[in-house]
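Where a number appears in this text, it was derived from the coordinates with a stated rule and is not lab data. Remember, predicted model here, so these are calculated numbers, not experimental data. Using ideal geometry, Cβ is built from the backbone for each residue, glycine included, and neighbour counts are taken over all protein chains shown.
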Amino acid sequence: MEETLKEIIKKGEKIDTEFKLAKHELPSDLFDTVCSFSNRFGGIIIFGVDDKTRDVVGVNENSIEGMKRNFANLCNNPEKINPTIYLPIEECKINKKTVLYINVPDSVEVYRTAGKIFDRNQDGDYDITNNSYLVTNMYNRKRDIHTEDKIFPYVTLEEDLRTDLIEIARKRAVIKYKEHPWGNMDNFELLKSARLYLKDPIQGIEGFTLGAILLFGTDEIISAAAPNYKTDAIVRKVDVDRYDDRDDVRTNLIESYTRLTDFIGKHTNDPFYLEGMERVSVRDIIARELVSNMLKHRDFGNGRPARIIITKDSLYTENANRPKKYGNINISNYFPYAKNPHIAAVFKDISFADDLGSGVRNLTKYTKIYSKSEPIIKEDEMFSVTIPLLDLDKMAQVKAKMTKISDYDSTMITDYDSTMITDYDKILNFCKTPRNINEIMEFMNLKHKPTFRENYLNPLLKQKKLEMTLPDKPKSKNQKYVTVK
C-alpha cells in the first residue's frame, strides 16, 4: 500500500483525492469531504500530508487511536452524517512516518452532514444545499434517471410528431437489417417498442417521452418541451472575434445530425485515404462520431447549448453532460455508459452510430490518420472533444506548388505531411528507370490494379509527371512508365 499511496500523493489533490494535515485530531471539515465523496464518485482521504507542498508530515503516534475512535462515533451519529456510514481508518508507513487514510465509496444515497449537502469538484468540497438545480441533478444521477424519459402526457402522435421522420427511421432500419421488426409495425407500435412511449406507475401518467419529441417532434413541440435545446455551429478562421459562418440548429435530432455533419464537411478538409482497397473519408467518420455523440449523450435537462467550433487549428465540440468521472479519457481508461439509452438505440438502428463505446475508439483511430495526433476527449460537466487540424495555409501552399495532381479528383492532394504526397514521390523516383505497371505496384506494395490506376497512375499521367514509353499503344503488354524530366 505504501507505493500506491506515494503515487497518489505525488499526483496531488483531485476530484477523488483529499489531503489533511491532521497531526493530532480530526479536521473540522472532514465530514464535508466524506459527504462530497459519497455524493460524487468516492475517493480517498489521507491524513498527515500537506495539501500545498504534498510533503508527508505524518500523524502523531499517540493520537491515532483517539482519532479512530472519534471518527467511528461520528460515523454513527445521524446529526453528523445522514444516513450514517461505516468507514474504517487504515494506517500506513511512508518514509517512516505514519499516515492514516479513509477509502470513501460512492453511494446510491444522497448524504448530508450537519444538515448540508456537499458535492465534489476539482477544487474541493462545495455546499449545494440551497441550489435546487444542483440538488435535483444529484438525486437524478443517484437514481440513474435519464432526461430523455420525461413523460409528456398531452403530446399526440397526430399533432406533435412528424410521421415523415418516423418513416425515414423505419426505412433506414430496414435497409440496415431487412428483418428489422419496425418494418411491420405502425408508427405507435414503433415508438412504443423503442421505449419512446412510457407509463409511470408512481405518478399514474403515460405518454410520449422527451426522447420521442427530440427525435421526431415538430420544431414547435421541441421548443415547448425543451426551450433551451439548441446546437450552435460556428466557424472562426478569419473573423475570430465573431464568426465566418454559423448555423443555429434547434430542430429534431435526425435533421440536426444531417445539418451538423454537413456543416463540418463544408468547413474542413477531406484528405485522400485508402483503407485496404477502398477509399474512406476519414473526415466524414470523425464528423459522424462527433455529432452522434454530441446529440445522443447530451444532458437535455441542462440549459447550456451544445457547440461546434471550427478554427484554423481545431475542430471542437462540447455538450452538457452528467459525468461519471472527471478528466481526460482515452481507450485505456474509458468505460462507456449510455446517457440517453433509448435515443442511442434509435441512432444505432438507423446507422447514425455503432455500438456503445465505439465513438472513443473511432475518434482515436481516425484522428491519428487525419491529424497525425490524438483527440483530446474530456469528461466534465461539459463533455468536450478537440480534434487538432493540420495547418490549412501550409496545405494550400503545397497544393499551389503541385498545382493539381488531377482535375479528375481534387481531393487526391492531401496535407503537406501526408502519405499520399510521399507515395507520389516514391513512384516518380522509382520510375526514373522505365517500369511496367506490375513492377510499380509491387514496389508500392499495392494489389488492386484498378485502384492503382485510378488513384496513382492516371493522375500522374494526366499531370504529365509520368509518361508512357509506348504512347501510341497504351494497352500494350510491353508498356512501361517513366518519370518526365
Which links in Lys432/Lys480; Lys426/Lys449; Lys199/Lys324; Lys171/Lys266; Lys426/Lys475 stretch past 21 Å when you go from one Cα to the other?
Lys199/Lys324; Lys171/Lys266; Lys426/Lys475
By how many nm would the segment from Asn82 to Thr311 grow when fully extended, if each residue of separation counts as 0.36 nm and the alpha-carbon distance is taken off?
77.5 nm
What FRET efficiency would be calculated for the residue pair Val280, Asp472, taking the C-beta separation as r and a Förster radius of 56 Å, to the nearest 0.05?
0.90
What's the FRET efficiency of Tyr133 with Phe41 using the Cβ-Cβ distance as r and R₀ = 22 Å, to the nearest 0.05?
0.65
Taking only the alpha carbons of the stretch 153-295, what extent do you get along each of the three principal axes, in Å, biggest first?
54, 43, 26
For Asp425 and Asp380, what is the calculated FRET efficiency with R₀ set at 45 Å and r taken between the beta-carbons, to the nearest 0.05?
0.55
Would you kindly work out the equivalent ellipsoid of the chain from its C-alpha gyration tensor and give its semi-axes, the square roots of five times the eigenvalues, largest first in whole Å?
54, 34, 19
Within the stretch 1-26, the residues whose backbone N lies under 14 Å from a label point placed 7 Å from the Cα of Thr53 along the Cα-to-Cβ direction are 21
Please work out whether the stretch 153-228 counts as rounded, prolate or oblate from its C-alpha gyration tensor, where a ≥ b ≥ c are the square roots of the eigenvalues and a/c under 1.5 means rounded, while otherwise a/b larger than b/c means prolate and anything else oblate?
oblate
The value for the stretch 60-117 (convex hull of the alpha-carbon atoms, volume per residue, Å³) is 92
Please work out how much length the chain gains when fully extended from His24 to Glu189, using 0.36 nm per residue of separation minus the C-alpha to C-alpha distance, in nm with one decimal.
52.8 nm
When a/c is below 1.5 the answer is rounded, else prolate if a/b is larger than b/c, else oblate, so apply that to the stretch 1-106 with a ≥ b ≥ c taken from the square roots of the Cα gyration tensor eigenvalues.
oblate
Over the stretch 140-218, what is the relative contact order in percent, taking alpha-carbon pairs closer than 8 angstrom and at least six residues apart?
47
Compute the length gained on full extension between Asn445 and Ser223: take 0.36 nm times their separation in residues and subtract their Cα-Cα distance, giving the result in nm to one decimal.
74.3 nm
In degrees, nearest 10, the alpha-carbon axis of helix 253-267 is tilted away from the dominant principal axis of the alpha carbons of the chain by 60
Over all directions, what mean area does the Cα convex hull of the stretch 102-232 project, stated in square nanometres?
12.7
Treating only the Cβ of Lys, Arg, Asp and Glu as charged (+1, +1, -1, -1), what charge dipole size does the chain show about its Cα centre? Round to the nearest 20 debye.
2140
If one takes the longest principal axis of the Cα atoms in the chain, at what angle in degrees, from 0 to 90 and to the nearest 10, does the Cα axis of helix 392-402 lie?
10
May I ask for the angle, rounded to the nearest 10°, between helix 419-430 and the longest principal axis of the chain, with both axes built from Cα atoms and the value confined to 0 to 90°?
30
